[in-house]
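See structure below.
The values are calculated or read from the model by the stated rules, or taken from the named source; none is laboratory data. Because the structure is a prediction, the values reported are computed rather than measured. With ideal geometry, Cβ positions are generated from the backbone for all residues, glycine too; neighbour counts draw on all protein chains shown.
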Amino acid sequence: MTAIFYALPANDVLAERLAIGADGEAGSLCVRNFPDGESFVRVDTDPSGADAVIVATLRHPNELLAPLLFLADGLHDLGAHRVGLVAPYLAYLRQDARFNSGEAITSRTFAQLLSTHVDWLVTVDPHLHRYASLDAIYPIPTSVVHAAPSIGAWIGQHVANPWILGPDAESRQWAEQVAAAAGAPVSILSKTRRGDDDVLETIPALEAHRDRTPVLVDDIVSTGQTMIAAIRHLREGGAPSAVCLAVHAVFAPGAHDVLAAAGPARIVTTNTIPHASNAIDIVPALADAIRAVLTPATVEARGQLLHAG
Ligand code: R5P
């Protein structure tokens, strides 16, 4: 039976593209708020017997969570065979430890909450640092799409002589994958975060790559301070302007302008979160991953794939 893709608000274009790419169909639903702020969800396309796929990039997770859970339970209730979640950006992964006493480890709670309502999850480059894989906190099958091949191809077409730089130890995994895909050298910088908006970067010796264009690669750009600190130190070392490249354009309010003012050569992101800086399309890779999850003939292969996240 054809899979039906249901979009949470602001995810309609993505859901339509994914439905086409994964050989499904776009479903219709109504999600809105009552005047008092409580959520209303109505499913208009009957999901009975079908794989239902909720499409919701989780840039604003607090707003989306209640309608998402109501929709997932509603779809189960209406007879969907399975209910999956496609979240190109998966929120609440950075608080993966208690960094200061008393802090709640939100990544764990968020994962448990989603996992009690959906049967599987597909995402793009989740922020995995202290967790080896999503399996550490998500008991449901998960599949991870890596943006590195698409990013590497973009760099190959748009940046002459690139030098890939990861702005901190956590970015190593993405920077190294991108460097391999782009066939470029890679260096990892050292970062000290002294506060939300206060970041200190240490840059390695520039001499070896002075003739190259620095390309800062990170999974998330949020306040932009990590990229800004790296841009400043590269400039002080006499390097050319850096291209800033991130998988997820999280961008806190005003952050893109502040980053642009720091003078990067260009700011580029993938379209896991809609933003003016999107230049790299991950929808085809995402559609392939969803198709693999949905295809009954590949159940065994899927089991392996799903737990490779
Ligand atoms: C953290 O480890 C992430 O990989 C990013 O470096 C971080 O989230 C970027 O945040 P910001 O843009 O606020 O510096």
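See the values below:
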{"read-out": "Residues (within 16 Å of the ligand (Cβ to nearest atom) and among the small types (Gly, Ala, Ser)) located in the range 146-172", "value": "ALA147, ALA148, GLY166, ALA169, SER171"}
{"read-out": "Tally of residues being on the phi > 0 side of the Ramachandran plot and not assigned by TED's automatic domain parsing to the domain that holds ARG98 across the range 120-178", "value": "1"}
{"read-out": "Residue in the range 37-53 that is in a strand (DSSP E or B) and closer than 20 Å to LEU134 by Cα present", "value": "yes"}
{"read-out": "Among the residues listed as TYR131, TYR89, the single one being of a type outside the set (Lys, Arg), modelled with pLDDT of 95 or more, surrounded by 22 or more Cβ atoms within 10 Å (Cβ to Cβ) and in a loop (DSSP other than H, G, I, E, B)", "value": "TYR89"}
{"read-out": "Restricting the range 85-133 to residues that are over 17 Å from the mean Cα position of the chain (by Cα) and of a type in the set (Gly, Ala, Ser), the residue that is nearest to the ligand (Cβ to nearest atom)", "value": "ALA97"}
{"read-out": "The listed residue being under 29 Å from ILE137 (Cα atoms), crowded, with 21+ Cβ neighbours inside 10 Å and at pLDDT 95 or above, out of ILE267, ILE273", "value": "ILE273"}
{"read-out": "Wholly enclosed strands (runs of 3 or more DSSP E) of the range 173-216 bearing at least 2 residues more than 17 Å from HIS146 (Cβ to Cβ) and modelled with pLDDT under 90", "value": "190-195, 198-202"}
{"read-out": "Selection within the range 92-107 - of a type in the set (D, E, K, R) and crowded, with 18+ Cβ neighbours inside 10 Å", "value": "ASP96"}
{"read-out": "Of all residues in the range 150-173 being touching a strand residue (DSSP E or B) at 6+ places or on another chain (Cβ under 7 Å) and of a type in the set (D, E, K, R), the one that is farthest from PRO185 (Cα to Cα)", "value": "ASP168"}
{"read-out": "Residues (charged (D, E, K, R), in a helix (DSSP H, G or I) and closer than 25 Å to GLY224 by Cα) located in the range 134-170", "value": "GLU170"}
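One line per residue, one yes/no per condition, for (1) surrounded by fewer than 20 Cβ atoms within 10 Å (Cβ to Cβ); (2) of a type outside the set (Lys, Arg); (3) modelled with pLDDT of 95 or more:
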site	(1), (2), (3)
PHE5	no, yes, yes
ASN11	no, yes, yes
ILE20	yes, yes, yes
ASP23	yes, yes, yes
PHE40	yes, yes, yes
VAL43	no, yes, yes
ASP46	yes, yes, yes
VAL55	no, yes, yes
ARG59	no, no, yes
